[in-house]
Each structure stands twice: as C-alpha cells, then as structure tokens.
Amino acid sequence: MPPHNDVEAFHEVLRSSRRILALCGAGLSASSGLPTFRGVGGYWRSHDATKLATMRAFMTDPGLVWLFYGYRRHLALRATPNAGHRALAALAKANSDFLCLTQNVDDLSQRADHPSSQLCTLHGSLFDIKCTTEGCGWIEKGNMNDPFCPALAAASEDPPKGKSLPLLDPYHRIKHVAEEELPRFPQCKTGLQRPGVVWFGEELDTDMINRINDWITADKIDLMLVVGTSAQVYPAAGYISRARLHGARIVTVNPEAEDEAELCKMQPGDFAFGEDAAECLPKLLEPALGKLQRSGEEFHE
Ligand code: OAD
C-alpha cells in the first residue's frame, strides 16, 4: 500500500474516479482569512462561537448574536475565494459527477463560480435573511448590506492599522444593541429578521437532504474528499461514513489530519494530507484540472 500522503498515488486514484463527493468545512476558507469554529479561532469576544449559533442565544440577546453575524458577514465580504475554492469549482466544471457539500456559510465557493447545481450549502448562507416567526417562509437571498443595519455598524469596522478590533476585545465594553434597533419582517413587522444559517438544533433543508440522499444512493461512490472540517457536526459528518459504505475511499485535507488519532480511523486505500487546503487542493486535483485547461477554460491558482 502506498503511503497515505503520496500525491502520485492519489493522482492514480483520481484518474480512475468518476463519482466524487466532497464535504468541506471552515478550514477551506482559513487561508482566505476567515476564522474556524473550533480551536484557536473558535472564540468571539468571550463567547464560544458554537454557543452563539443557536436560537436560544438569539432569543436571549438578538443584538449580540447579530453583532457576531454582522462581523462574520463583514469578514466574508472582505475576503476573496482562495485556490482551494477555485480548484473545487474547476473540478465541478470538469466532472458533472462531482457533488460538493459545504458547511460554510461564507459564499466563497459561490464567488469562486462553483456551479450551483453541484454545490449543497448544508448550513445556509450568511447573506440570506429569514424571519424568526415560526412557519413564516419569508427569505431574502443575497443581502450584502454591510453593515446589515445601522445598529450593527461596529461589526463592520476595520481595525486601525497594526491594532486589533475593539469589538473583538472581551474587556472592551460594547454598546448593547437593543431588539428595537434590529429590522423586522417587512410585511407583518413582528418577527425579527435573522441570518439564514442553520443553527444548532435546527433541521437542514429537506429538499437538499433528499437531493443528497438520491445522489449518494444512485451508484457507487469512488472518492470522498473531506476538506478542512473537524467532522464533529451532524448530519454533515455522517456523509463520510455513508460515502464509505457506498465504496468511497476517504481523502482528508487538513493540517491536523495526519496525527495518530486520525490515522487510526483510516482504512487501507484512504489518504490524509496534512496541509493547508488552499495549497494542497490545486496540487491534488491537477489531473482533473489539466483536463479542464485542455477544454479551453482557465484555472487560476
Ligand atoms: P471547525 O472549526 O470545527 O473545524 C475546522 C477544521 O479545519 C479543523 O479540523 C482544522 O484543523 C481545519 N483547518 C484549519 N486550517 C486549515 C487549512 N488552512 N486547511 C485545511 N484545514 C484547516 O469547522 P467545521 O468543521 O466547518 O455549523 O464546523 C462545522 C460546523 O460547526 C460549522 O458549519 C458550524 C459550526 O458550528 C453551524 O453553524 C451550524
């Protein structure tokens, strides 16, 4: 068996792979400057970022949760897609049997021109706005206002040169954003507007889940790319074992994926590349991207 991180051996496997599934996480956007959820980047002020991503937190203090999301919207708008997003988008254009599931809500894959028919945004988008009223289906797609509303201006400031942003300093008191300062649903004017992301405890979009299930069960899967995710959040993480059950070799791209614990979970034929996704993906996907270049489209690294 070739070593688990042998690029040439991986290229051989890629050349004979037709149906490819990917599961991406925050690590894909790390080199675009966006913080991950767990580990070093996992805190926002003194709050565990995963605790802010809940309806409970929003009901308790919608202004605080909106500041958190306003800041993430601002960062994502300022960021640009990296070579990892572009490589996956190029793979999608070269191979109509490639489906990419992303947990990221930053829209960087969309901005890298990843074909929407081959991209499932499991956790929604920071730029979709929904109503909090139960049963209300109102949704505004692609709202790029920055700040989202005047009360959230502090979340859209850039730090002074060489200094950190006061908003991020837990010892710096921030002005409380009252519920009355946040926009409500334009028609009924009762429900608060909220980010169109999936919070902990909420269901993923049923149509999307059905579409993914249909894709998975349609045929054998050759390869599953697991890029920049700690694979701790379900149902997203469950797609890895489902792909394995359908015959897929698993390929992880994650600087922490080569440690002993990860290797223990590996099976013969799997690969683990302990590198930055933005550097690694263009190199790994080169055989497929070469095909794309020959067909006349451009791939910029
Ligand atoms: P995590 O923050 O849990 O994991 C990010 C992973 O990326 C870690 O395993 C890092 O080792 C890895 N990583 C860091 N830098 C990287 C780089 N340059 N290249 C490749 N990998 C890198 O983020 P997710 O797994 O995406 O859900 O988290 C999943 C979900 O939990 C998120 O979608 C969000 C969160 O709470 C909701 O908000 C519902």
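Using a Förster distance of 35 angstrom, determine the FRET efficiency expected from the C-beta separation of K283 and I139, and round it to 0.05. Walk me through the numbers before you get to the answer.
On the way: r = 38 Å, r/R0 = 1.09.
Efficiency, rounded to the nearest 0.05: 0.35.
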_Give me the percent relative contact order of the chain, please, defined on Cα pairs under 8 angstrom at least 6 residues apart._
27
*asked:* Quick check on the chain: helices-only [θ] at 222 nm, where DSSP H runs of length 4 and up contribute -39,500 (n - 2.57) each and the sum goes over total residues. Nearest 500, please.
replied: -9000 deg cm²/dmol
*Comparing G228, G269, G84, which has the greatest mean-square fluctuation in the GNM of the chain with Cα pairs linked when under 10 Å apart?*
G269
*Label-point separation in nm, R56 to Y234, each point 7 Å along Cα→Cβ*: 1.8
*Towards the positive end of the charge dipole of the chain, with charges on Cβ (+1 Lys, Arg; -1 Asp, Glu), say which of T36, V7, F68 has the farthest Cα.*
F68
*May I ask you to evaluate 6.51 cos²θ - 1.76 cosθ + 1.60, the Karplus curve with θ = phi - 60°, for each residue of segment 14-30 and list the ³J(HN,Hα) values in order in whole Hz, giving x for glycine and proline?*
4, 4, 9, 9, 10, 8, 10, 10, 10, 10, 10, x, 4, x, 5, 9, 4
_Net lengthening on full extension, N210/Q187 (0.36 nm per residue, minus Cα-Cα)_ = 5.2 nm
*asked:* Quick check on my link table: of K51/K163; K93/K283; K141/K189; K51/K265, which ones sit more than 24 Å apart, alpha carbon to alpha carbon?
replied: K51/K163; K51/K265
*Given the Cα-Cα distance of E12 and C149 and 0.36 nm per residue of separation, how much length would full extension add, in nm?*
44.2 nm
*Arrange H85, H114, H172, H11 by Cβ neighbour counts within 10 Å, fewest through most, would you?*
H172, H11, H114, H85
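For C100, C136, what's the fewest-to-most ordering of other Cβ within 10 Å of each Cβ?
Values: C100 24, C136 14.
By the 10 Å Cβ count, ascending, the order reads C136, C100.
Just so you know, all these numbers are worked out from the coordinates, no wet-lab data involved. As the structure is a computational prediction, the values presented were derived from the model and not from experiment. Positions of Cβ are generated from backbone atoms using ideal geometry, with glycine treated the same way; all protein chains shown enter the neighbour counts.
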